[in-house]
Each structure stands twice: as C-alpha cells, then as structure tokens.
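The structure appears right after this line, and notes come after that.
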Amino acid sequence: MQHTLEVYQDAMLVFHSDGNWLYPLFELERFLTESDTDPNDLVAHDKIVGRAAALLMIHLGLGHVHARLMSQLGQEVLEHHNVPYTYERRVDRIACQTEQLLENVYNPASAYVLLRERADL
C-alpha cells in the first residue's frame with residue numbers, strides 16, 4: 001500500500017503519513033525535529049508535488065524528491081534550488097489554491113511562513 005507521503009533512508013521506510021494537502025509534510029517536520037536523521041539523506045515519495053510541497057521539502061532540507069504527480073511549477077522550484085527529483089507523471093498545474101498563490105515564490109522560508117499560516121499551525 002502506498003501512503004500519501006513516504007520517506008526513505010536508503011531502502012528503509014523511516015516515516016509515512018496518509019494525511020491530506022500539505023499536512024504530511026508538517027508531520028514530517030515534527031518527525032525530523034525529534035530525530036537525529038539528516039534530512040539530506042532522505043528521499044521523499046509524495047503523491048502530489050506542486051509548488052507548495054516542493055518549497056516545503058526544500059525548507060525541510062530533503063535530499064531527493066519523488067512524485068507520483070508533479071506540477072511544472074513544483075519542478076521549476078526544485079530545479080531552481082538544485083534538489084534532485086523524479087516523477088511518474090507531470091502536469092502544467094495542479095488544482096490547488098496554493099499553487100497559484102505561490103506561483104512566483106522561490107524563497108522556501110517565505111513560503112513556509114505563509115503555508116503554516118494557511119494550515120492554522
């Protein structure tokens with residue numbers, strides 16, 4: 001069974017979540033603060049990676065991103081920050097307000113503040 005978000009260190013699953021929207025990435029953030037794992041050693045397998053998810057993953061310092069579905073806007077920001085990525089399917093955009101809201105944002109820290117606010121965290 002595939003989860004919404006799965007995070008691997010080498011071939012070992014170290015974190016997973018079945019949450020919606022960006023909440024699995026905020027759960028991952030909590031996991032990372034409570035563990036001594038270097039985020040750069042991790043590979044995130046996410047169901048959908050749009051611009052918001054890509055910016056959060058960069059903010060968390062993840063070493064590699066794999067998406068089942070990736071938007072062009074997510075791909076652009078990963079390339080801009082030189083984060084290795086793979087995907088199974090790419091689309092121009094995903095139907096999400098945050099995709100449009102962050103369309104011209106490249107700064108992960110700015111996006112993080114805005115997204116935590118939108119998530120009521």
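Each reported figure results from applying straightforward, stated rules to the coordinates on display, with no laboratory input. Quantities reported herein were computed from a predicted structural model and do not represent experimental measurements. Here Cβ is always computed from backbone atoms with ideal geometry, including for glycine, and neighbour counts include all displayed protein chains.
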By the Cα gyration tensor axes a ≥ b ≥ c (a/c under 1.5 gives rounded; else a/b larger than b/c gives prolate, otherwise oblate), the shape of the range 73-116 is oblate
Taking N as the residue count of the range 5-118, its alpha carbon Rg divided by 2.2 N^0.38 Å gives 0.96
With the label point 7 Å along the Cα-to-beta-carbon line of Trp21 and a cut-off under 17 Å to each amide N, the hits in the range 91-121 are 94-103, 111-121
With x for Gly and Pro, the residue-by-residue ³J(HN,Hα) of the range 43-49, computed from phi through the Karplus equation 6.51 cos²θ - 1.76 cosθ + 1.60 at θ = phi - 60° and given in whole Hz, is 10, 9, 10, 10, 5, 9, 10
Summing -39500 (n - 2.57) over every DSSP H run of at least 4 residues in the chain and dividing by its residue count gives a helix-only mean residue ellipticity at 222 nm, to the nearest 500 deg cm²/dmol, of -11000 deg cm²/dmol
Note, the range 70-80: 3J(HN,Hα) by Karplus (6.51, -1.76, 1.60, θ = phi - 60°), whole Hz, Gly/Pro = x, goes 10, 8, 4, 5, x, 4, 4, 6, 5, 5, 4
So, with points 7 Å from each Cα along the Cβ direction, the Gln72-Leu121 label distance in nm works out to 2.9
If unit charges are put on Cβ atoms (+1 for Lys and Arg, -1 for Asp and Glu) and the dipole of the range 13-94 is taken about its Cα centre, the option from Ile94, Thr33, His64 lying farthest towards the positive end turns out to be Ile94
If every Lys and Arg gets +1 and every Asp and Glu gets -1 at its Cβ, then about the Cα centre the chain yields a dipole, in debye to the nearest 20, of 400
Taking Cα pairs closer than 8 Å and at least 6 residues apart, the relative contact order of the chain in percent is 21
